[in-house]
Amino acid sequence: MLSDGSYVTPAWGVGTSAISDDGNIVVFEHGNTEYAGISMVSGGQGHVYHKNLSTGVLQVVDITTLGGISSGSAGSGGYGISLSSDGSIVAFLSTASDLVGAVVGQYSSVYVRNMITGDVVLANAAEDGTPSNNNNYGSGAALSGDGNLVAFTSGASNLVNGVSGGPQLYVKNLSTGQVQVASSASDGTVGNGFSSASSVSFSENGRYIAFESTASNLVSGDTNNLLDVFVKDITTGEIARVSVSADGTQVDQHARIVDISGDGSKITFSSYAASIDPQGDNGSDIFSAPNPLMF
C-alpha cells in the first residue's frame, strides 16, 4: 500500500523485513519501484522501504544525498535488513555508487541511513572513511538497539591496521567512526575462520555481540571444526563460547541462528547437537544459555 492508501500490484516478491520494537515501523526490500514513485526499472531492481504504520507514510531508504533514487540494487543480501529499536535507523546493502559520493566497487556495500536526518553512512569503511578494499560477502548487517553500532562481515585488509585475514566480523561505531574486529580472541588475535554478519545480535546497549563463526582460535579448546556461537564484550574485548553443554562439552553439530536478550544475559541458538541434549529427537532444537561473560 502506498502513502495515499492506493495499492500497487507487485511485480516482484517482498524480500526480507524488520520491525521496530513498538511495532510501528516496518522496513522491507522489494523489486517493484512503483513504490518509489518512478517507472519500473528493467529487471526489477530492488529498493528498501520504510513504512510508518500509524501515519501510513512510506519512504525509500536507499536514496542519494540529492534525494534521487540510488543507481544500484539495495536490500539485505538475502539475510536481514537491520533496524534500530525505535525504527529511525536502517542498515542495508546496496550496489549503488551514488549513495555517499563515489563508492565504486565490484561488490555491494553496507550503508546506514538515519530516517530522521536523512544522513547516510558507509559502514564498511575505515575510521578515516576509506572504503573497504574487499568483499563483504553479502552477509548483511546488524545494528545495536540505539543504532550507533553496526556489525558487518568483510575480507578487507584496510579497515583495521594489521588485520589482513578474513572474512572477519567488524563493528563500527557510527558516532566516532572507530572500527574494531569482533571475531577476535580476548588477546586481540583475529579469527582463523569465517565469521558472518548473517546471524549477529547485539544486546540493547551494544555492549555484547553474539555471533557464529568457524574460527578455532577465538577461545582455547575449540577443536570441533564446526560453526560455534560466541559472545564478545565490545568494551573489554573478552570473548567466550556459548555453544557448549553445561559441563563444557563441545557441540557435535553446527550451532547457529543466534540471538541475545536485550539485557545481554541470555543467548539462544539453534543446533542439531546431541552433545548438548542427549534426550533430543535428533532434530534442530533451540537452546538458551546464560551469557558466560556476565555470570
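In the stretch 267-295, how many are surrounded by 15 or more Cβ atoms within 10 Å (Cβ to Cβ), part of a strand (DSSP E or B) and of a type outside the set (S, T, N, Q)? Number satisfying all stated conditions: 5.
Being in contact with a Gly (Cβ under 6 Å, 6 or more places away or on another chain) and touching a residue at least 12 places away in the same chain (Cβ under 8 Å) holds for only one residue in Thr214, Thr235, and it is Thr214. If you check Asp146, Asp119, Asp128 for being free of Cβ contacts under 8 Å to residues at least 12 places away in the same chain and either crowded, with 24+ Cβ neighbours inside 10 Å or more than 12 Å from the chain's Cα centre (by Cα) (or both), only one passes: Asp119. Residues in the stretch 188-195: is at least one buried (at least 19 other Cβ atoms within 10 Å of the Cβ), among the small types (Gly, Ala, Ser), within 15 Å of the chain's Cα centre (by Cα) and not in a loop (DSSP other than H, G, I, E, B)? For the stretch 188-195, residues buried (at least 19 other Cβ atoms within 10 Å of the Cβ), among the small types (Gly, Ala, Ser), within 15 Å of the chain's Cα centre (by Cα) and not in a loop (DSSP other than H, G, I, E, B): present. Can you spot a residue in the stretch 163-172 that is at pLDDT 95 or above, more than 16 Å from Ile239 (Cβ to Cβ) and either under 12 Å from the mean Cα position of the chain (by Cα) or not aliphatic (A, V, I, L, M) (or both)? Taking every residue of the stretch 163-172 in turn, at least one turns out to be at pLDDT 95 or above, more than 16 Å from Ile239 (Cβ to Cβ) and either under 12 Å from the mean Cα position of the chain (by Cα) or not aliphatic (A, V, I, L, M) (or both). Selection of strands (runs of 3 or more DSSP E) fully inside the stretch 97-157 by the criterion of at least 3 residues being closer than 18 Å to Ser70 by Cα and at pLDDT 90 or above returns 109-114, 120-122. Against the definition (touching a strand residue (DSSP E or B) at 6+ places or on another chain (Cβ under 8 Å) and part of a loop (DSSP other than H, G, I, E, B)), how does Gly248 come out, yes or no? Spelling it out, it is not the case that Gly248 is touching a strand residue (DSSP E or B) at 6+ places or on another chain (Cβ under 8 Å) and part of a loop (DSSP other than H, G, I, E, B). Quick one: would you say Val163 is in a loop (DSSP other than H, G, I, E, B), touching a Phe, Trp or Tyr at 6+ places or on another chain (Cβ under 8 Å), more than 30 Å from Ile19 (Cβ to Cβ) and in contact (Cβ under 8 Å) with a residue 12 or more places away in the chain? So Val163 does not fit the description; no. Of the set (1) at pLDDT 85 or above; (2) buried (at least 22 other Cβ atoms within 10 Å of the Cβ); (3) aliphatic (A, V, I, L, M), all apply to Val57 but (2). Across the stretch 240-257, the number of residues qualifying as within 21 Å of Leu169 (Cβ to Cβ) and surrounded by fewer than 23 Cβ atoms within 10 Å (Cβ to Cβ) comes to 6.
Checked against the criterion of being farther than 16 Å from Gln168 by Cα, among the small types (Gly, Ala, Ser) and over 20 Å from the mean Cα position of the chain (by Cα), the candidates Ser203, Ser220 yield just one match: Ser220. Inspection of the stretch 238-245 identifies at least one residue that is without any contact (Cβ under 8 Å) to a residue 40 or more places away in the chain and more than 23 Å from Asp187 (Cβ to Cβ).
The values are calculated or read from the model by the stated rules, or taken from the named source; none is laboratory data. On a predicted model such as this, the values are computed, not experimentally measured, just so you know. All Cβ positions, glycine included, derive from the backbone under ideal geometry; neighbour counts span all protein chains shown.
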